[in-house]
Amino acid sequence: MIKVGIIIASTRPGRVGDTVARWVHDVAVKHGGAEFELVDLKDAGLPHLDEPVPALMRQYSQPHTHRWAATVASFDAYVFVTPEYNRTFPGALKSAIDFVYAEWNNKAAGFVSYGINGGVLAVEHLRNVMGALGIATVSDQVALSLHNDFVDFTVFKPQAHQEDAVTGMLDAVIAWGGALKPLRND
Ligand SMILES: Cc1cc2nc3c(=O)[nH]c(=O)nc-3n(C[C@H](O)[C@H](O)[C@H](O)COP(=O)(O)O)c2cc1C
């Protein structure tokens, strides 16, 4: 069984990202096709990128980088749960991504986004970054609308069909995460 990390990209006080990610995790556990674990960037203890050498060289110098590398390496695939901030994904996520490199390679990823228009711009930008890391991104994605999947834009109340969307996205992430396994040096 592959292991999938569900990454909470929002770190701000008062965020809804943790609530959305817990819902994704609940749906994933019900799905049952993999092992799932929540990864909260807020708890990762990462400052803004402070490594002197680019991650590609794998010369990590900071204890927090080693801890984060071990976390990222422990998964076969990821589901990024991300808001849209100023038409892209949060800077905290970009910095966390940039800390390590090889640990991301040859894995699969899916996306759950939220925003006025479902956060789809955040995901489009994230897909581009995933390409640089050798992460295969699945087409199925979950776009949660602040208008239709939240009450008063803040209280998460997903429409019924969104659970099916999560399930479809997970099917693809699990299939691709498993298929890429021969390319990974464990
Ligand atoms: C700095 C900032 C910028 C935002 N920019 C956008 C945006 O470009 N598009 C959008 O749909 N929503 C935008 N929003 C609204 C967020 O989608 C909404 O506040 C969401 O709850 C943020 O996720 P979080 O609560 O998990 O941090 C923005 C919110 C913040 C805090």
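Computed across segment 95-186, the Kirkwood radius stands at 14.3 Å (inverse of mean 1/r, all Cα pairs).
With 0.36 nm allotted per residue and the present C-alpha distance subtracted, the LYS30-GLN59 stretch has 6.5 nm of extension available. Where the alpha-carbon atoms of segment 6-63 are placed on the principal axes, they occupy 42, 30, 16 Å, in descending order. Can you give the Rg/Rh ratio of the chain, where Rg is from the C-alpha atoms and Rh is the Kirkwood radius? Ratio value, two decimals: 0.95. Among the listed pairs LYS42/LYS157; LYS3/LYS94; LYS107/LYS157; LYS30/LYS107; LYS3/LYS30, those whose Cα-Cα separation exceeds 25 Å are LYS107/LYS157.
Could you give the length gained by full extension between ARG87 and ASP140, i.e. 0.36 nm per residue of separation minus their alpha carbon distance, to one decimal place? Walk me through the intermediate numbers first.
Details: separation 53, 0.36 × 53 = 19.08 nm, distance 2.02 nm.
Gain on extension, ARG87 to ASP140, equals 17.1 nm.
The 3J(HN,Hα) values that the Karplus relation (6.51, -1.76, 1.60; θ = phi - 60°) gives for segment 121-129 are, in residue order, 5, 4, 5, 4, 5, 5, 4, 4, 5 Hz. Gly and Pro appear as x. Considering only beta bridges that DSSP places wholly inside the chain, some 10 percent are antiparallel. Could you list the residues of segment 35-60 with an amide nitrogen less than 11 Å from a label point located 7 Å from the Cα of THR19 in the Cα-to-C-beta direction? Within reach of a label on THR19, which here means backbone N under 11 Å from a point 7 Å along Cα→Cβ, segment 35-60 contributes nothing. Across segment 27-40, rounded Karplus estimates of 3J(HN,Hα) from the backbone phi angles (6.51 cos²θ - 1.76 cosθ + 1.60, θ = phi - 60°) give 5, 5, 4, 5, 4, x, x, 7, 8, 10, 9, 6, 10, 9 Hz, Gly and Pro being marked x.
If R0 equals 35 Å, the separation of the Cβ atoms of ASP171 and ASN105 corresponds to a calculated FRET efficiency of about 0.95. Taking 0.36 nm per residue of sequence separation and removing the Cα-Cα distance, the MET1/ALA132 pair yields an extension gain of 44.5 nm. Measuring nothing but how far apart in sequence close Cα pairs (under 8 Å, 6+ apart) lie, relative to its length, segment 112-186 scores a relative contact order of 30 percent.
Taking 8 Å as the Cα distance limit and 6 or more residues as the minimum spacing, I'd like the relative contact order of the chain as a percentage. Present the calculation step by step, with values, prior to reporting the outcome.
Details: 354 pairs, mean separation 44.3, N = 186.
Worked out over the chain, it gives 24 percent.
Taking amide H as placed 1.01 Å from N in the peptide plane, THR137 has its amide H under 5 Å from the amide H of ALA109, each at least 5 places away in sequence or on another chain. A convex hull fitted to the Cα coordinates of segment 17-120 yields 109 cubic angstrom per residue. Taking Lys and Arg as +1 and Asp and Glu as -1, the other residues whose beta-carbon sits under 15 Å from that of GLY91 total +2.
At a Förster distance of 35 Å, what's the computed FRET efficiency of ASN148 paired with LYS42, Cβ-Cβ distance as r, to 0.05? Calculated transfer efficiency: 0.85.
Let me spell out the model: positive unit charges on the Cβ of Lys and Arg, negative unit charges on the Cβ of Asp and Glu, origin at the Cα centre of the chain. What dipole size does that give, in debye rounded to 20?
Charge dipole, the chain, about its Cα centre: 260 debye, nearest 20.
Coordinate-derived values only; no laboratory data. Note that the coordinates shown come from a computational prediction; the quantities given were computed from them, not determined experimentally. As a convention, Cβ positions derive from the backbone with ideal geometry for all residues, glycine included, and neighbour counts pool all protein chains shown.
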